[in-house]
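Before any comments, here is the structure.
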Amino acid sequence: MIERDTELSIRRQCELLGLHRSGLYYTQSVESAENLAIMRRLDEQYLKTPFYGYRKLHVLLLSEGYVVGKKRLKRLMKLMGWETIYRKPNTSKPNELHYKYPYLLRNLEVTRKNQVWEIDITYIPMRRGFMYLCAIIDLKTRYVVHWSVSNTMSSEWCRQTVEEAIALHGKPEIINSDQGSQFTSHVYIDYLKGLETVKISMDGKGRATDNIFIERLWKSVKYEWIYLHVYENGIELYNGLEEYFRFYNEERFHENLGYKTPGMIFKRVA
């Protein structure tokens, strides 16, 4: 895997392997075992009820025997990147330091690969810590065009993941994300604007259906792989996810694709 006694730098080895360096240098989380157990439980619950806010989650956890206050619960939810899905009035003043773009996919007919990509981040539990997974999916074919793991949810990481995806498959016509701070930052948006031909789309705040395809991907990744394996460090996690995404793209048949794999469709569709 990674060799330290070699002429190739650690940075170059990571580039060749497609591994983000923060995954290589992963250090154990300072969170307690109890907090990690709560976060793992929250992660499972989000796949079932992403519309739950902290009040319902607090009642749920207490009913299951967890001892957790509302303040600690809110902190753990923020650490995980939990954003409750619900309709709410647009009464907040927009942050002028961040970019916001309209949602371009409503009523759009997606007919070809690289027409629309969706990008998102999800929390990944490990035995004694956690990391984050960023993935980009092609909407027409459900093909995961690229993915990366990191121990921080940074704008630079998301930008790098998009850069690597474009280097592999060319530019998409539209790239869609949520309105998270990673995707509304200058670092991320300025890069996309520099691509000129790529249109930027963002989910409506709190809308459950705008990013449905990548939400389905997260459910598949976690129920079919993450919850069935226990990873000790970033390298083990990377290797495991590499195996899963190869399976997902090349072997896993999708009913909505006529029981073909995403790889079959992506490599065939113009």
statement: Residue-ordered couplings for segment 139-144, obtained by feeding phi - 60° into the Karplus form 6.51 cos²θ - 1.76 cosθ + 1.60 and rounding to whole Hz (Gly and Pro as x), are 5, 5, 10, 6, 7, 7
message: Suppose every Lys and Arg Cβ carries +1 and every Asp and Glu Cβ carries -1, with no other charges. What dipole size does segment 116-268 come out with about its Cα centre, to the nearest 20 debye?
response: 300 debye
task: Using Cα positions and a limit of under 23 Å, work out the lysines in reach of residue 260, with same-chain residues fewer than 8 apart set aside.
output: 113, 140, 219, 222
message: Relative contact order of segment 114-240, please, whole-number percent, based on alpha carbon pairs below 8 angstrom and at least 6 residues apart.
response: 26 percent
3J(HN,Hα) from dihedral phi, segment 249-262, Karplus parametrisation 6.51/-1.76/1.60, rounded to Hz, x for glycine, proline: 6, 10, 10, 7, 6, 10, 4, 6, 9, x, 6, 10, 8, x
- line: Per the charge dipole of segment 116-268 (beta-carbon charges, Lys/Arg positive, Asp/Glu negative, Cα centre), the residue among 150, 257, 166 reaching farthest to the positive end is 257
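Determine, for 195, 42, the number of other Cβ atoms within 10 Å of each Cβ, and report the residues in order from fewest to most. Don't skip to the end; give the middle numbers.
Values: 195 15, 42 22.
Ordered by Cβ neighbours within 10 Å, fewest first: 195, 42.
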task: Using θ = phi - 60° and the Karplus relation 6.51 cos²θ - 1.76 cosθ + 1.60, list the HN-Hα couplings for segment 239-248 in order, rounded to whole Hz, with x at every Gly or Pro.
output: 4, x, 5, 4, 5, 5, 5, 5, 4, 4
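Every read-out reported here was derived from the displayed coordinates using simple, explicitly stated rules and does not represent laboratory data. Worth saying up front: this structure is predicted, and the values here are computed from it rather than measured. So basically every Cβ, Gly included, is an ideal-geometry build from the backbone, and we count neighbours across all protein chains shown.
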